[in-house]
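Chemist: Submitted below is the structure of interest, expressed as structure tokens.
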Amino acid sequence: MKLGFGHTISVKLGFGRGIRDLARLNEDQLLILSGPARDARVPFEIHVLDIMAETSTLLGTLGELPDAKGAKAEAISVLSQHGNAIDVLVMFDGLKSGDPREYSIILK
């Protein structure tokens, strides 16, 4: 099923959490980079959204960056996918040139 413009999917990510960025994983899935909404103290996380089932699954938490206190994850891009493993690039607000960092994730 192809979604048309104006189709809304409600995503439950947890209290105090909002969507920072989205990246297309494949025709049926999106990656969600989530983080604090307003002044909430929650970690940045990566979720996968199944568009057809309208469900999301937590893939992992970025955690604190020891060399970059106060950095905010703001952008995510899929670099490659091989089987159930993906490599993503995350960029950060508050760091020089976004200080891009690569993460490898196993899809559940």
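Chemist: Can you tell me which residues in the stretch 73-107 are farther than 15 Å from Arg24 by Cα and among the acidic types (Asp, Glu)?
Modeler: Glu74, Asp93, Asp99, Glu102 - these are the residues of the stretch 73-107 that are farther than 15 Å from Arg24 by Cα and among the acidic types (Asp, Glu).
Chemist: Oh, and also: For Gly70, indicate whether it is surrounded by 12 or more Cβ atoms within 10 Å (Cβ to Cβ), farther than 19 Å from Asn26 by Cβ and more than 11 Å from the chain's Cα centre (by Cα).
Modeler: No: the conditions fail for Gly70.
Chemist: How many residues are within 12 Å of Val11 (Cα to Cα) and aliphatic (A, V, I, L, M) if we restrict to the stretch 34-81?
Modeler: 5
Chemist: So, one more: Step by step: first the residues of the stretch 72-108, then only those that are basic (Lys, Arg) and assigned to a strand (DSSP E or B), then the one that is farthest from Arg41 (Cα to Cα). Which residue is that?
Modeler: Arg101
Chemist: Follow-up question, since we're still on this one. Only one of these is of a type outside the set (Ser, Thr, Tyr), touching a strand residue (DSSP E or B) at 6+ places or on another chain (Cβ under 8 Å), surrounded by 14 or more Cβ atoms within 10 Å (Cβ to Cβ) and assigned to a loop (DSSP other than H, G, I, E, B): Val48, Val11. Name it.
Modeler: Val11 is the lone residue from the list that is of a type outside the set (Ser, Thr, Tyr), touching a strand residue (DSSP E or B) at 6+ places or on another chain (Cβ under 8 Å), surrounded by 14 or more Cβ atoms within 10 Å (Cβ to Cβ) and assigned to a loop (DSSP other than H, G, I, E, B).
Just so you know, all these numbers are worked out from the coordinates, no wet-lab data involved. Remember, predicted model here, so these are calculated numbers, not experimental data. Because the Cβ atoms are built from the backbone with ideal geometry, glycine has one as well, and the counts that use them run over all protein chains shown.
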